[in-house]
Amino acid sequence: MIRRDFIKQSVAVLSAAAFGRYGPYPSRPAQADTINDQFTERLIIPPLLERTGIEQSGNSLSLVIQKNHHDFLPGKTTETLGYNGSFLGPTVRVRDGDKVRFSVENTIDQTTTVHWHGLHVPAKWDGGPHQVIRPGETWNPEFTINQQAATLWYHPHAMGLTGEHVYRGLSGLFIIDDEISDSLQLPSDYGQDDIPIILQDRRFYDDGQFAYVRSMHDVIHGVIGNFLLVNGMIKPFTEVRREIVRFRLLNGSNSSIYRLRLSHEQPFHVIASDGGFLQKAVAASEVILSAGERLEFLVDFSGYSPGEKLRLLVDQFNGNRFEAMEIRVVEGKPRITSLLSQLREQLVLDEAAADNTRYFSMETMSAGGRGMGMMGGNRLTINGKKMDMSRIDEKIPLGSTEIWEIENRSASMMHLPHSMHLHDVQFNILDRNGKPPSPIEAGRKDTVLLWPNDKVRLISQFLDYTGIYMYHCHMLEHEDDGMMGQFEVVDTGIKI
Ligand SMILES: [Cu+2]
């Protein structure tokens, strides 16, 4: 009884905090797809690409970027891109302290890159727009894993091509383990009680091809699909035992904001955000995930009977509602049956320790105030500027602690959300619109959603590596349209 009350209370607080004054999702009927309403196909778990044995053999972790085809819709074949396969890529799984080497071969006819989203690596291995892999080339990044356990991901980041390449299928998960994740009694049997979920939405032409067009409307609102994919599948099912099950979720969509729930108002416990574990598990009945963000949560199936079913429900910001996946409870010896509350002590940087504050304005109007020019022009900008690879926007002394104050200054006619992502670092949110972050947002993050007119202050430390990194809107159509800037971490020789 007590537990139930606690959960209800937390949920109310979270929902209010998450939606803010922007209000709940519009309730107009879903443009729901009716394919596979019986949930007949078993969820595919991306294969693991692990370091085990690599060091001894001297081999690299191999990713081959390839053109392929994949059947999403009955009787139709879609041309796709994939890493080592037809759609998405393997899940890279490494440990903190591992020295890893990759071999990334580009066999497609376009230049691309591989960016390790959320990973703290030297700038030359970051995989941003400067580290291009031309057709026929192989890229061999080599770095040491230097951060705590987390669910990260990798995807292309070539100038102006990110949205298209991700849409066609290039994305994969990147999981880091460490001593603390080992020591916590958490489900960690990959694909069994630790289930990776990549959520994306897609539009298709009648012939089954992806409808990726960047019309003016699509650039402004993002390319939003009416089919929801879970690990590349439409309405799959997965089976769980009567135990605690961990789900690692990535919003891998180009531009969608998802609200996630479970049917029957089944609560869950969020244990990690973008950059690793929260201090404590947070009970919730729904969460919001913008493009690029991740969450891990636990669901307690121990009170269920074999044969019972739940569904993962996903609502898009535009009102589309999806029954994304069915979760079926089956017989089997339970592994972990108790929920953890204390997870990991997290150090949040003190605001007073900041060496500098920078201001970033995400704008949907021109710097000159001309509003949304329908003839193109300076539509989506950060601090009034569009991305220029030859311009360094911010220089940050190595070792410094900084506050970044980010504001979504939407034009009055155009209330667009944005999703700010910083390369190189994980950060903590100091406040959102003057108020402390929600318990879920209080953890380590690398991507943050800004509703129209939101102001978020975050704090981070720029340690270990120098060089040029990106910050940008993770709505990929915004990024490709230039809503991106560059910061250079420079060694000033001054010890901070
Ligand atoms: Cu944006």
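The values are calculated or read from the model by the stated rules, or taken from the named source; none is laboratory data. What you are looking at is a predicted structure, and each value in this text was computed from that prediction instead of being measured. Please note: Cβ atoms are built from the backbone with ideal geometry, for glycine as well, and neighbour counts cover all protein chains shown. With ligands, DNA and RNA removed, areas are computed over all heavy atoms of the protein, side chains included. Shrake-Rupley method; radii C 1.70, N 1.55, O 1.52, S 1.80 Å.
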Return the calculated 222 nm mean residue ellipticity for the chain, to the nearest 500 deg cm²/dmol, obtained by summing -39500 (n - 2.57) across DSSP H runs with n ≥ 4 and dividing by the residue count.
-2500 deg cm²/dmol
Which values, in whole Å and largest first, are the semi-axes of the equivalent ellipsoid of region 425-477 obtained as the square root of 5 times each eigenvalue of the Cα gyration tensor?
21, 16, 9
Using the Kirkwood radius over Cα pairs of region 193-334, the Stokes-Einstein translational diffusion coefficient at 20 °C and 1.002 mPa s, in µm²/s and rounded to a whole number, is 134 µm²/s
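Can you check what the net charge comes to around residue 240, using other residues whose Cβ is under 15 Å from the Cβ of residue 240 (Lys, Arg +1; Asp, Glu -1)?
Taking every Cβ under 15 Å from that of residue 240, the sum is +1.
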For region 254-397, with +1 on Lys and Arg beta carbons and -1 on Asp and Glu, the positive-most of 260, 324, 348 along the dipole:
324
Under a Cβ-only charge scheme (Lys and Arg +1, Asp and Glu -1), can you give me the dipole magnitude of region 113-209 about the Cα centre, in debye to the nearest 20?
560 debye
Accessible surface of region 262-358 [probe 1.4 Å, protein heavy atoms]: carbon and sulfur percent
48 percent
Would you be so kind as to identify which of 487, 451, 162 lies farthest towards the positive end of the dipole of the chain, taking Lys and Arg as +1 and Asp and Glu as -1 on Cβ and the Cα centre as origin?
451
Largest-first ranking of 138, 151 by accessible area, probe 1.4 Å, whole protein assembly kept, is 138, 151
Quick calc, the chain, dipole around Cα centre from Cβ unit charges on Lys, Arg (+) and Asp, Glu (-), nearest 20 debye, gives 900 debye
Name the residues of region 442-478 whose amide N is less than 14 Å from a point 7 angstrom out from the Cα of residue 184 along the C-beta direction?
442-445
Roughly how big is region 56-161's charge dipole about its Cα centre, with Cβ charges of +1 (Lys, Arg) and -1 (Asp, Glu), in debye to the nearest 20?
120 debye
Using amide H atoms built 1.01 Å from N in the peptide plane, name the residues 5+ places from residue 152, or on other chains, whose amide H lies under 5 Å from its own.
174, 175, 176
Amide H contacts under 5 Å for residue 431, restricted to residues at least 5 apart in sequence or on another chain and with H modeled in the peptide plane, are 457
Distance (nanometres) between label positions extended 7 Å along Cα→Cβ at residue 433 and residue 338
4.0 nm
Taking just the alpha carbons, could you work out the radius of gyration and Dmax for region 119-278, both in angstroms?
17.9, 50
With the calculation restricted to Cα positions, what are the radius of gyration and Dmax of region 238-312 in angstrom?
12.8, 38
If amide H atoms are built 1.01 Å from N in the plane of the peptide, which residues on other chains or at least 5 residues away come under 5 Å of the amide H of residue 169?
81
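At 1.4 Å probe size, with the rest of the protein present, what percent of the exposed accessible area of region 145-226 is carbon and sulfur atoms? Walk me through the numbers before you get to the answer.
Numbers: 1100 of 2400 Å².
Answer for region 145-226: carbon and sulfur cover 46 percent of the accessible area.
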3J(HN,Hα) from dihedral phi, region 339-356, Karplus parametrisation 6.51/-1.76/1.60, rounded to Hz, x for glycine, proline:
7, 8, 10, 7, 10, 8, 5, 10, 8, 9, 5, 7, 3, 5, 8, 5, 8, 7
Per-residue HN-Hα couplings for region 147-152 [Karplus 6.51, -1.76, 1.60; θ = phi - 60°; Hz; x = Gly/Pro]:
6, 6, 3, 6, 9, 10
Given 15 as the ceiling on other Cβ atoms within 10 Å, longest exposed-site-free region of the chain for GluC sites (Glu not before Pro) in DSSP loops:
138-307
Can you check what the net charge comes to around residue 152, using other residues whose Cβ is under 14 Å from the Cβ of residue 152 (Lys, Arg +1; Asp, Glu -1)?
-4
Mind checking the full-extension length gain between residue 138 and residue 36? Use 0.36 nm per residue of separation minus the Cα-Cα distance, one decimal, nm.
32.8 nm
Accessible area of region 427-496 divided out per residue, in Å², using a probe of 1.4 angstrom:
32 Å²
Solvent-accessible surface (1.4 angstrom probe) belonging to residue 111, in square angstrom, nearest 10
40 Å²
Quote the Stokes-Einstein diffusion coefficient, in whole µm² s⁻¹, for the chain, based on the Kirkwood radius over alpha carbon pairs, a temperature of 10 °C and a viscosity of 1.306 mPa s.
69 µm²/s
I want the local charge near residue 177. Using Cβ-Cβ distances under 10 Å, sum +1 for each Lys or Arg and -1 for each Asp or Glu among the other residues.
-3
